[in-house]
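A quick write-up on the structure given underneath.
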Amino acid sequence: MELTNSTFAPLTVVVDELARCGVEHAVLCPGSRDAPLIYAFADRADIVSHSVLDERSAGFVALGIAKSTGRPVAVCCTSGTAAANLLPAVVEASESSVPLIVLTADRPPELRDVGAGQAIDQIKLYGSFVRWFHEAGNVPLDESALIHHRALACRMVSEAVGARPGPVHVNFPLREPLAPVPQDLTALAASDGAAGRRDGSPWTRLRRTPRGPDAESAQRLAAARRPLIVAGELHNSRVTEALVTNARRLGIPVMADVLSGLRARTHSSRASIVATYEAILRTPRITAALNPDFVLRVGELPTSKTLRSWLGELTCPQVVLDPHFAWHEATRRADVVSDGDPAATLELAGEHEPAAQVAWREQFAQLEETAQAAIEAALDLEEFPNEPAIARTLAAALPAGATVWLSSSMPVRDAEWFSACDDAGVRFLSNRGANGIDGVLASAVGAAQASEDPVVMVTGDLALLHDAGSLQLANRTRGPLTIVCVDNDGGGIFEFLPVASHPPHFEPLIATPSGQDVAAIASGYGLDVTAPADPDALRDALRRPGLIHLRTNRTENRAVHARIWSHVSATLLELDAIGALED
Ligand SMILES: Cc1ncc(C[n+]2csc(CCOP(=O)(O)OP(=O)(O)O)c2C)c(N)n1
Ligand SMILES: [Mg+2]
């Protein structure tokens, strides 16, 4: 292995081990102090390097790749505010359990706290948001130092993909030479430290013994008469398959968030998937009458506040299968938070005799079918473009394997509320860990860098402007990236809040219409911009990279939502099923 010089040698073996541990992407931010890290990554054929100027974007690009691939991604930057700019992505990675390996270059100790340029205190810079912090120090170079750095890299990956995955931070004080000027290191070149394990495996492998099923929860699920599964964000095909197969076998309805992936037609044709829970639970007579006797929650709770409050009011037992055992149980209604393996638990449940009432499942099937048809009928009465119609058109128009990255604010909610159960197998991703509207475009860029399948990002105008710096990355992604900007000139979500009826500060300081010409800004960055006038044109535009600019009106959007909800409610209340539920 080419060790180059005393600065490069330890970093070269660190990067070698990261590759052996499965790191396939590195996001590199230009700088002088981190140049040795950049060179060490860029020299590798088995790691794809992505150069990103702005560290805030870089953090989110790394997050997007990691979320999209499910694998740890390295991101490195130089010292000072560069490192501070990674914080938002580190926070999101921490909250949404995404493995990131943050490598910051630093001044060596003698240049810290003495007013040296670009030197800030980088020790534990990201506080409690990283699973593990390590100050790499300056270890005198010899064979044991190389072995130490190999083991260190294995530890980084192991901490990032641990029981609760997340970001790790290693701070590297780097001394001259910061350029790859060769030194004579031939004495070390043939050592184990330089070569690593001769069979190409990591220096230290992480062995995790698989967790088993939660037998008690499996038994309770199968024994319930009116069981319900609530599925949040899921990215594990084994869990998805176990959920669909066993919900079908046991006759259990599944309320499935758009981020669960369960709304694909391949799943909804096999199990009773309820996508319209928002519409159903907005009808008070139904909410009051639905009385499950056991709720199993898999993964994070869906975004819907309506669903969350309903769950919070139920008195039946609720079990949370929390794969990361992070105690994400805000309703405080669960009687069990379980670290049981979700797939194994569902498989075990499926081995029991089903006890669920057929009528219980059929009521949900009828509610779902009626609500879906009522949403269609209500949308037919609305002018295009409107925000619910955009959300509904999207998934239906995209091919299997496409990814939709949803911005927080209305895009993630409209997709949750209105996207149907018949998509071809579209994957929905969103930064729901900390619910920020920052870094959304950069995250979608990350997803588009990670594969050649199409990525469509749906964003509000403010979230796009917030991350406008990432537009420079948007027309040079590996796979095609289409940005759908729903431009309602401000924060449309705020129109739904009580503060909206309190002028005069609402409009200039909460809704904050920007007055910016989003289309012109995107064109300035070299993106093709289209403004489709009807759903067919939107479907066409979705097949091309660039920016789709759809203008809507914030106050009218609130009225559109109200009209749809009241149409759906009225239709649901005509159902015989409601009477049956109330009996
Ligand atoms: C980083 C960050 N800053 C501020 C907020 C608060 N916030 C939530 S929604 C929103 C407005 C979003 O507007 P836009 O992207 O246009 O979407 P719309 O509400 O119109 O759908 C803001 C500022 C946030 N969630 N994250
Ligand atoms: Mg907006």
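The values are calculated or read from the model by the stated rules, or taken from the named source; none is laboratory data. Nothing here was measured: the structure is a model prediction, and the numbers come from that model. No Cβ is skipped: glycine too gets one built from the backbone with ideal geometry, and neighbour counts run over all protein chains shown. Please note that ligands, DNA and RNA were not included when accessible areas were found on the heavy atoms of the full protein model with its side chains. Shrake-Rupley method; radii C 1.70, N 1.55, O 1.52, S 1.80 Å.
Values computed for the structure shown
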{"quantity": "Residue tally, condition surrounded by fewer than 24 Cβ atoms within 10 Å (Cβ to Cβ) and within 26 Å of GLU387 (Cβ to Cβ), over region 451-460", "calculated": "2"}
{"quantity": "Which numbered condition VAL440 misses (of (1) in contact with an Asp or Glu (Cβ under 7 Å, 6 or more places away or on another chain); (2) within 16 Å of ligand 2 (Cβ to nearest atom); (3) open to solvent by 10 Å² or more (accessible area, probe 1.4 Å))", "calculated": "(3)"}
{"quantity": "Test for LEU103: is it at pLDDT 95 or above, touching a helix residue (DSSP H, G or I) at 6+ places or on another chain (Cβ under 8 Å), among the hydrophobic types (A, V, I, L, M, F, W, C) and open to solvent by less than 40 Å² (accessible area, probe 1.4 Å)", "calculated": "yes"}
{"quantity": "Candidate set: region 110-153, residues that are in a loop (DSSP other than H, G, I, E, B) and open to solvent by less than 40 Å² (accessible area, probe 1.4 Å); chosen: the one farthest from ASP34 (Cα to Cα)", "calculated": "VAL130"}
{"quantity": "Single match in LEU234, LEU221 (criterion: touching a helix residue (DSSP H, G or I) at 6+ places or on another chain (Cβ under 7 Å) and surrounded by fewer than 24 Cβ atoms within 10 Å (Cβ to Cβ))", "calculated": "LEU234"}
{"quantity": "Condition check for PHE506: out of contact with any Cys (no Cβ under 6 Å at 6 or more places or on another chain) and open to solvent by 30 Å² or more (accessible area, probe 1.4 Å)", "calculated": "no"}
{"quantity": "Residues that are more than 16 Å from VAL14 (Cβ to Cβ) and among the basic types (Lys, Arg), drawn from region 176-211", "calculated": "ARG198, ARG205, ARG207, ARG208, ARG211"}
{"quantity": "Any chance GLY425 is assigned to a loop (DSSP other than H, G, I, E, B), under 20 Å from GLY299 (Cβ atoms) and more than 16 Å from ligand 1 (Cβ to nearest atom)", "calculated": "yes"}
{"quantity": "So LEU429, is it over 20 Å from GLY492 (Cβ atoms) and open to solvent by less than 20 Å² (accessible area, probe 1.4 Å)", "calculated": "yes"}
{"quantity": "Residue in region 532-552 that is nearest to LEU471 (Cα to Cα), counting only those that are buried (at least 16 other Cβ atoms within 10 Å of the Cβ) and within 16 Å of ligand 2 (Cβ to nearest atom)", "calculated": "LEU547"}
{"quantity": "Residue pairs meeting the criteria (Cβ under 6 Å; at least 6 apart or on separate chains; first farther than 30 Å from TYR126 by Cα, in region 165-193; second open to solvent by less than 20 Å² (accessible area, probe 1.4 Å) and among the acidic types (Asp, Glu))", "calculated": "none"}
{"quantity": "Any hit, region 452-469, residues being out of contact with any strand residue (DSSP E or B) (no Cβ under 7 Å at 6 or more places or on another chain), in a loop (DSSP other than H, G, I, E, B) and acidic (Asp, Glu)", "calculated": "yes"}
{"quantity": "Residues that are open to solvent by 10 Å² or more (accessible area, probe 1.4 Å) and assigned to a strand (DSSP E or B), drawn from region 51-77", "calculated": "SER51"}
{"quantity": "Top-ranked residue in region 108-140 [being at pLDDT 90 or above and small (Gly, Ala, Ser); ranked as farthest from PRO88 (Cα to Cα)]", "calculated": "GLY137"}
{"quantity": "Single residue of LEU464, LEU441, LEU406, LEU473 found to be under 23 Å from HIS50 (Cα atoms) and touching a Cys at 6+ places or on another chain (Cβ under 8 Å)", "calculated": "LEU464"}
{"quantity": "Sole residue being in contact with a His (Cβ under 8 Å, 6 or more places away or on another chain) and within 14 Å of ligand 1 (Cβ to nearest atom), chosen from ILE483, ILE437", "calculated": "ILE437"}
{"quantity": "Lone qualifier among TRP417, TRP405 - being buried (at least 24 other Cβ atoms within 10 Å of the Cβ), more than 11 Å from ligand 1 (Cβ to nearest atom) and farther than 25 Å from ALA58 by Cβ", "calculated": "TRP417"}
{"quantity": "Within region 461-493, tally of residues that are within 13 Å of ligand 2 (Cβ to nearest atom), open to solvent by 30 Å² or more (accessible area, probe 1.4 Å) and in contact (Cβ under 8 Å) with a residue 40 or more places away in the chain", "calculated": "4"}
